[in-house]
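Here's the structure, in structure tokens; my notes come after.
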């Protein structure tokens with residue numbers, strides 16, 4: 001190899017590494033998002049099981065009704081049941097104050 005060829009190969013090397021590093025970063029971000037989605041789905045399922053086992057009185061004590069639990073269970077898997085339940089509770093609390 002001549003000196004010019006070696007210089008050209010060295011100049012191209014950081015670009016290739018940068019592309020590989022960026023691809024690796026995207027893959028890690030995708031895996032992290034998938035893991036986050038799975039853990040959120042597991043959390044939602046656990047919350048809904050616990051709420052489903054509660055009596056009407058216990059649900060009322062925390063500001064919910066049985067229909068809220070049914071609505072949260074009907075959300076798509078990527079929906080966040082916890083946010084829905086908290087929003088319903090806040091709506092009822094605001095309505096009592098008005």
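Annotations
- Per-region count, the stretch 54-86, residues in a helix (DSSP H, G or I) and either over 27 Å from the mean Cα position of the chain (by Cα) or surrounded by 11 or more Cβ atoms within 10 Å (Cβ to Cβ) (or both): 19
- Some residue of the stretch 43-55 being farther than 20 Å from residue 92 by Cα and modelled with pLDDT under 85: yes
- Where a residue in the stretch 74-87 is free of Cβ contacts under 8 Å to residues at least 60 places away in the same chain and at positive phi and its partner, wherever it lies, is assigned to a helix (DSSP H, G or I) and surrounded by 13 or more Cβ atoms within 10 Å (Cβ to Cβ), with Cβ under 6 Å and at least six apart: none
The values are calculated or read from the model by the stated rules, or taken from the named source; none is laboratory data. Note that this is a predicted model, so its numbers are computed, not measured. Quick reminder, even Gly has a Cβ in these numbers, built from the backbone with ideal geometry, and neighbours come from all protein chains shown.
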